[in-house]
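Asks: Sharing a structure, written as structure tokens. Questions coming.
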Amino acid sequence: MTDFSGFEPDAIRFLLELRANNDRAWFQPRKAEYERLLKQPLEALCVALGERFRARGIPLRADARSPFRIYRDVRFSKDKSPYKTHVSADFPWTEGDVASGHASRSESVHVAGGYFHFAPDEGYVGGGMWHPDRPRLEAWRTLVIDKPRDVHVVFDAPAFKGAFGELEGERLKRVPPGFAANHPDAELLKLKDILFGRNLGDDEILSPALPDTLADAFEVALPAFRLLAGLSPR
């Protein structure tokens with residue numbers, strides 16, 4: 001399997017220093033250090049994770065293209081800081097007719113898939129659908145109404161709850177129009193994102209076993225990925 005030896009503790013130091021010096025004048029002379037401490041290990045992690053996915057039959061894509069760029073898109077932001085102060089990667093679903101594995105990066109982040117995030121004060125592994133388009137969100141709400149048992153079998157399963165807890169993400173303040181305010185699954189209907197995940201400690205982030213830790217989490221989430229990937233927008 002691909003050699004991933006873990007992130008060095010200096011990777012955390014670099015991100016902390018970047019947070020305090022988020023400008024091109026500081027970053028450019030240290031770009032090689034960024035690549036050694038963060039970019040290259042993250043790529044190796046994703047390649048190693050892809051090998052675990054194939055070995056376990058997990059239909060998510062992970063490879064050297066999985067990491068997000070360190071550069072922020074500041075075109076529509078008041079914050080003009082040029083760099084992210086974390087590193088992250090996404091892993092699109094690749095099974096079936098609704099697979100997102102061949103979607104563009106801008107499209108794949110909005111459909112079912114996995115996600116990894118590493119910041120100085122937060123590690124995270126999870127997945128779901130972030131900011132799904134309106135047809136897919138409506139398909140989720142239809143599923144909650146028409147087949148509530150299918151939803152609860154997946155998200156109330158002890159293994160899922162033990163790993164990730166409750167679904168999270170941005171929510172409406174009220175149940176969307178057309179649904180009863182006192183519906184027993186009102187909180188699921190309010191969701192604008194359908195996300196799940198758990199925090200990772202520094203000991204997990206810095207461990208050479210991180211690919212296995214992530215693969216273990218994604219394996220537990222397989223029923224959730226399949227349910228969300230199977231949503232059929234009308």
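Asks: Say we look at the stretch 64-121 and pick out the residues that are modelled with pLDDT of 90 or more and acidic (Asp, Glu); which of these is farthest from residue 52 (Cα to Cα)? Lay out the reasoning, then the answer.
Replies: First, pick out the residues of the stretch 64-121 that are modelled with pLDDT of 90 or more: 64-73, 80-94, 112-120.
Filter again for acidic (Asp, Glu), leaving 73, 90.
On the way: 73: 32, 90: 15 Å.
Here the residue is 73.
Asks: A further question follows. Tell me which helices (runs of 4 or more DSSP H) are completely within the stretch 9-94 and hold 2 or more residues being open to solvent by 40 Å² or more (accessible area, probe 1.4 Å) and either within 25 Å of residue 112 (Cβ to Cβ) or among the β-branched types (Val, Ile, Thr) (or both), or say none if there are none.
Replies: On the way: elements: 9-20, 24-27, 31-34, 40-56.
Counting at least 2 such residues, we get 40-56.
Asks: Then there is this: For the stretch 174-212, name all the residues that are assigned to a loop (DSSP other than H, G, I, E, B) and touching a strand residue (DSSP E or B) at 6+ places or on another chain (Cβ under 8 Å). Before you say what the answer is, go through the steps one by one.
Replies: Taking the stretch 174-212 and keeping what is assigned to a loop (DSSP other than H, G, I, E, B), we get 174-185, 192-193, 201, 206-209.
Answer for the stretch 174-212, where residues must be assigned to a loop (DSSP other than H, G, I, E, B) and touching a strand residue (DSSP E or B) at 6+ places or on another chain (Cβ under 8 Å): 192, 193, 201.
Asks: Further question on the same structure: Where the second residue is hydroxyl-bearing (Ser, Thr, Tyr) and the first is touching a residue at least 40 places away in the same chain (Cβ under 8 Å) and lies in the stretch 187-202, which pairs have Cβ atoms under 7 Å and are six or more apart or on separate chains?
Replies: Correct list of pairs: 197/124; 199/124; 200/124.
Asks: Can you find even one residue in the stretch 152-171 that is aliphatic (A, V, I, L, M), surrounded by fewer than 16 Cβ atoms within 10 Å (Cβ to Cβ), at pLDDT 95 or above and over 29 Å from residue 88 (Cβ atoms)? Explain how you work it out, then say what you get.
Replies: Filtering the stretch 152-171 down to residues aliphatic (A, V, I, L, M) leaves 153-154, 157, 159, 163, 167.
Remaining after also requiring surrounded by fewer than 16 Cβ atoms within 10 Å (Cβ to Cβ): 153, 157, 159.
Filter again for at pLDDT 95 or above, leaving 153, 157, 159.
Now narrow it down to the ones that are over 29 Å from residue 88 (Cβ atoms): 153.
Yes - at least one qualifying residue is present in the stretch 152-171.
Asks: Further question on the same structure: Only one of (1) modelled with pLDDT under 95; (2) within 14 Å of the chain's Cα centre (by Cα) is not met by residue 135, so which one is it?
Replies: (2)
Asks: Which members of the stretch 131-151 meet the condition of being open to solvent by 20 Å² or more (accessible area, probe 1.4 Å) and hydrophobic (A, V, I, L, M, F, W, C)? Write out each step before concluding.
Replies: Within the stretch 131-151, the subset open to solvent by 20 Å² or more (accessible area, probe 1.4 Å) is 131, 133-138, 141-143, 145-150.
If the condition is that a residue be open to solvent by 20 Å² or more (accessible area, probe 1.4 Å) and hydrophobic (A, V, I, L, M, F, W, C), then 137, 143, 145 are the ones that fit.
Asks: Filter the stretch 135-173 for residues that are outside any helix (DSSP H, G or I) and under 20 Å from residue 220 (Cβ atoms) and give the result.
Replies: In the first step, residues of the stretch 135-173 are kept if they are outside any helix (DSSP H, G or I); the result is 147, 156-157, 165-173.
156, 157, 165, 166, 167, 168, 169, listed by residue number.
Asks: Could you grab me the full set of residues in the stretch 179-214 that are among the aromatic types (Phe, Trp, Tyr) and open to solvent by 10 Å² or more (accessible area, probe 1.4 Å)? Steps first, please.
Replies: From the stretch 179-214, those among the aromatic types (Phe, Trp, Tyr) are 179, 196; that's our starting set.
Within the stretch 179-214, just 179 meets the criteria.
Asks: State which residue pairs qualify: first residue under 17 Å from residue 195 (Cα atoms) and inside the stretch 137-151, second residue polar (S, T, N, Q) and open to solvent by 30 Å² or more (accessible area, probe 1.4 Å) in any location, beta carbons under 9 Å apart, and separation of 6 or more residues or different chains.
Replies: From the stretch 137-151, the pairs are 139/232.
The values are calculated or read from the model by the stated rules, or taken from the named source; none is laboratory data. Computed from a prediction, not measured in an experiment: that's the story for all the values here. Positions of Cβ are generated from backbone atoms using ideal geometry, with glycine treated the same way; all protein chains shown enter the neighbour counts. Accessible surface areas use protein heavy atoms only, side chains included; no ligands, DNA or RNA. Shrake-Rupley method; radii C 1.70, N 1.55, O 1.52, S 1.80 Å.
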